[in-house]
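**Q** Got a structure for you, written out below as structure tokens; questions coming shortly.
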Amino acid sequence: MTVHHLSRRDARRVAVRAQLLTAERPSGVLDVVRGLTFLQHDPTAAVAPSAHLVLWSRLGPAYEPRELEDAVDAGRVVDLHGLLRPAEDVALFTAEMAAWPGPPPVPQWREANRAWAEANRACRDDILAMLRGDGPLPASELPDTCVLQWRSSGWNDDKNVLMLLGIMVARGEVAVAGRDARGRLWDLAERVYPDDPPVPVEEARRRRDERRLRALGIARAKAAQTPNEPNHVGAAGEQAVVEGVRGTWRVDPALLDVPFEGRTALLSPLDRLVFDRKRMDELFDFDYALEMYKPAATRRWGYWALPVLHGDRLVGKLDAAADVASGVLRVHAVHEDEAWDTATRAAVDAEIADLARWLELDLVRAG
């Protein structure tokens with residue numbers, strides 16, 4: 001059995017290379033989406049929506065947000081559980097959709113969802129009938145004929161249609177067909193997803209693990225679960241040990257022993273390079289948390305601070321906000337984890353200026 005012995009620098013470079021953040025930029029939106037396997041659709045736009053920030057950090061200032069919207073409109077990229085995926089990857093999920101809620105033992109929460117949806121079968125049929133005739137439509141225009149209300153202790157309480165649509169996505173019945181000012185537009189899945197034959201469940205899981213490892217470069221075989229997309233990669237790739245880090249990893253051998261030329265990049269807080277905070281800490285020794293949910297007085301780095309990548313190191317955070325109404329990108333602070341040299345500071349300043357130009361905003365710095 002092959003076991004690769006990597007320094008932390010080696011491991012970081014594998015991760016950065018896999019995430020398309022080296023000096024050699026990808027050529028277009030589809031190359032990025034296929035390489036990363038997905039973009040997270042998040043509406044927070046303190047600087048710019050996360051999916052657009054991720055694409056800008058890979059493609060540079062030539063990227064135009066309309067390019068992603070065009071890819072979605074053309075059906076080359078689809079929204080599945082809030083993740084924008086290459087359309088061809090949907091076939092890796094449709095067998096599980098057809099078998100939902102899955103083989104026993106079914107988790108208790110999923111069995112409860114199945115029972116609730118079954119109790120509201122008539123409402124599900126009403127939604128499907130309306131979409132068939134008039135879709136795509138926003139959830140606000142779909143009928144709520146549920147006989148059993150959705151109950152929860154959180155913000156989903158009484159949101160019958162939205163919760164039912166989520167279950168119908170899991171069953172492969174409906175899909176997000178796009179977005180407008182009202183939010184997500186829903187339609188029949190058969191009119192949104194490609195008509196590709198489903199990949200059998202076990203093969204699909206294996207291929208998803210392989211795709212995930214190719215996008216991460218290096219990851220744990222088992223990792224903490226996160227919504228919609230795992231951080232683990234199962235048996236994909238080959239075993240690796242990282243110097244100074246406990247336990248074993250899985251690495252994509254195609255990304256080893258490849259020349260590395262880094263660059264400087266400003267990352268979305270939801271960027272896949274930093275999304276798994278435990279992996280981020282183990283490989284990059286980077287102290288970071290998304291602070292938008294914290295009271296302002298307790299924030300260390302800012303509401304939507306952007307991690308700063310320089311070469312193979314995460315070296316700081318940018319606290320900035322796009323004030324579109326005033327036409328400015330306000331830089332509140334640039335946090336240096338350790339004192340930067342002149343070249344690093346110049347490279348970061350150049351990226352901040354590029355960000356402002358891409359947003360078509362004037363750059364205003366605090367103080």
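**Q** Would you say W116 is assigned to a strand (DSSP E or B) and in contact with a Leu (Cβ under 7 Å, 6 or more places away or on another chain)? Break it down stepwise before answering.
**A** Working: assigned to a strand (DSSP E or B): no; in contact with a Leu (Cβ under 7 Å, 6 or more places away or on another chain): yes.
The answer is no for W116.
**Q** Name the residues in the range 293-345 that are among the small types (G, A, S) and loosely packed, with under 12 Cβ neighbours inside 10 Å, would you?
**A** Of the residues in the range 293-345, the ones among the small types (G, A, S) are 296-297, 302, 305, 311, 316, 320-322, 325-327, 333, 339, 343.
Those that are among the small types (G, A, S) and loosely packed, with under 12 Cβ neighbours inside 10 Å: A296, A297, A325, S326, A339, A343.
**Q** A further question on this structure: Identify all residues within the range 244-255 that are in contact with a strand residue (DSSP E or B) (Cβ under 9 Å, 6 or more places away or on another chain) and either small (G, A, S) or over 14 Å from R279 (Cα atoms) (or both); write none if there are none.
**A** Once the filter is applied, which keeps residues that are in contact with a strand residue (DSSP E or B) (Cβ under 9 Å, 6 or more places away or on another chain) and either small (G, A, S) or over 14 Å from R279 (Cα atoms) (or both), the range 244-255 yields G247, D252, P253, L255.
**Q** Further question: Of all residues in the range 53-110, how many are part of a loop (DSSP other than H, G, I, E, B), among the basic types (K, R) and open to solvent by less than 10 Å² (accessible area, probe 1.4 Å)?
**A** First pass over the range 53-110, keeping only residues part of a loop (DSSP other than H, G, I, E, B): 60-64, 74-76, 81-82, 93, 99-107.
Then drop every residue that is not among the basic types (K, R), which leaves 76.
With open to solvent by less than 10 Å² (accessible area, probe 1.4 Å) added as a condition, the list becomes none.
Final tally of qualifying residues: 0.
**Q** Looking for whichever is surrounded by fewer than 19 Cβ atoms within 10 Å (Cβ to Cβ) and aromatic (F, W, Y) here; the options are W116, W186. Which one fits? Don't jump to the end; show me each part of the working.
**A** Working: W186 fails: surrounded by fewer than 19 Cβ atoms within 10 Å (Cβ to Cβ).
Criteria check complete, one pass: W116.
**Q** Give me the pairs, please: first residue somewhere in the range 314-330 and within 21 Å of L21 (Cα to Cα) and at pLDDT 95 or above, second residue anywhere and open to solvent by 40 Å² or more (accessible area, probe 1.4 Å) and of a type in the set (V, I, T), beta-carbon distance under 7 Å, and either six or more positions apart or on two chains.
**A** Between residues of the range 314-330 that are within 21 Å of L21 (Cα to Cα) and at pLDDT 95 or above and residues that are open to solvent by 40 Å² or more (accessible area, probe 1.4 Å) and of a type in the set (V, I, T), the close pairs are G316/V334; L318/V334.
**Q** Return yes or no: is V161 assigned to a helix (DSSP H, G or I), of a type in the set (V, I, T) and either touching a residue at least 12 places away in the same chain (Cβ under 8 Å) or touching a Gly at 6+ places or on another chain (Cβ under 6 Å) (or both)? Working first, answer last.
**A** Numbers: assigned to a helix (DSSP H, G or I): yes; of a type in the set (V, I, T): yes; either touching a residue at least 12 places away in the same chain (Cβ under 8 Å) or touching a Gly at 6+ places or on another chain (Cβ under 6 Å) (or both): yes.
Yes: the conditions hold for V161.
**Q** Now, a different point. Would you check which residues across the range 295-318 are closer than 15 Å to A46 by Cα and in a loop (DSSP other than H, G, I, E, B) and list them? Give the steps one after another, and end with the answer.
**A** Within the range 295-318, the subset closer than 15 Å to A46 by Cα is 296, 301-307, 317-318.
Answer for the range 295-318, where residues must be closer than 15 Å to A46 by Cα and in a loop (DSSP other than H, G, I, E, B): W301, G302, Y303, W304, A305.
**Q** Exactly one of these conditions fails for D209: (1) open to solvent by less than 40 Å² (accessible area, probe 1.4 Å); (2) acidic (D, E); (3) touching a helix residue (DSSP H, G or I) at 6+ places or on another chain (Cβ under 7 Å). Give me its number.
**A** Against the list (1) open to solvent by less than 40 Å² (accessible area, probe 1.4 Å); (2) acidic (D, E); (3) touching a helix residue (DSSP H, G or I) at 6+ places or on another chain (Cβ under 7 Å), D209 comes up short only on (3).
**Q** Please verify whether the range 265-287 includes one or more residues that are in contact with a Lys or Arg (Cβ under 7 Å, 6 or more places away or on another chain), modelled with pLDDT of 95 or more and either surrounded by fewer than 21 Cβ atoms within 10 Å (Cβ to Cβ) or of a type in the set (D, E) (or both).
**A** There is no residue in the range 265-287 that is in contact with a Lys or Arg (Cβ under 7 Å, 6 or more places away or on another chain), modelled with pLDDT of 95 or more and either surrounded by fewer than 21 Cβ atoms within 10 Å (Cβ to Cβ) or of a type in the set (D, E) (or both).
**Q** Being part of a loop (DSSP other than H, G, I, E, B), farther than 21 Å from G183 by Cα, open to solvent by 60 Å² or more (accessible area, probe 1.4 Å) and of a type outside the set (S, T, N, Q) is the filter here, so list the residues in the range 120-151 that pass it.
**A** Across the range 120-151, the qualifying residues are V147, L148, R151.
**Q** Of everything in the range 316-336 that's closer than 19 Å to V54 by Cβ and of a type in the set (A, V, I, L, M), which residue is farthest from the chain's Cα centre (by Cα)?
**A** Filtering first and then ranking leaves L329.
**Q** Something else now. Residues that are acidic (D, E), out of contact with any strand residue (DSSP E or B) (no Cβ under 7 Å at 6 or more places or on another chain) and not in a loop (DSSP other than H, G, I, E, B): does the range 282-290 have at least one?
**A** Pass one, the range 282-290, residues acidic (D, E): 282, 285, 287.
Narrowing further to those that are out of contact with any strand residue (DSSP E or B) (no Cβ under 7 Å at 6 or more places or on another chain): 282, 285, 287.
Adding the requirement that they be not in a loop (DSSP other than H, G, I, E, B) leaves 282.
There is at least one residue in the range 282-290 that is acidic (D, E), out of contact with any strand residue (DSSP E or B) (no Cβ under 7 Å at 6 or more places or on another chain) and not in a loop (DSSP other than H, G, I, E, B).
**Q** Another one. Taking E202 as the residue in question, decide whether it is farther than 18 Å from P143 by Cβ and either without any contact (Cβ under 8 Å) to a residue 24 or more places away in the chain or among the aromatic types (F, W, Y) (or both). Reasoning before the result, please.
**A** Numbers: farther than 18 Å from P143 by Cβ: yes; either without any contact (Cβ under 8 Å) to a residue 24 or more places away in the chain or among the aromatic types (F, W, Y) (or both): yes.
So E202 fits the description; yes.
**Q** While we're here: Is it the case that V258 is part of a loop (DSSP other than H, G, I, E, B) and among the β-branched types (V, I, T)? Walk me through how you get there before you give the answer.
**A** Working: part of a loop (DSSP other than H, G, I, E, B): yes; among the β-branched types (V, I, T): yes.
Taking the combined requirement at face value, the residue satisfies it.
**Q** Could you grab me the full set of residues in the range 223-276 that are within 26 Å of A305 (Cβ to Cβ) and among the basic types (K, R)?
**A** Listed by number, the residues that qualify are R263, R272.
The values are calculated or read from the model by the stated rules, or taken from the named source; none is laboratory data. Everything numeric here is computed off the predicted structure, so don't read it as measured data. Note that we place each Cβ from the backbone using ideal geometry, even for glycine, and neighbour counts take in every protein chain shown. Ligands, DNA and RNA are stripped out before the accessible areas are found, and what is left, the full protein with its side chains, is counted by its heavy atoms. Shrake-Rupley method; radii C 1.70, N 1.55, O 1.52, S 1.80 Å.
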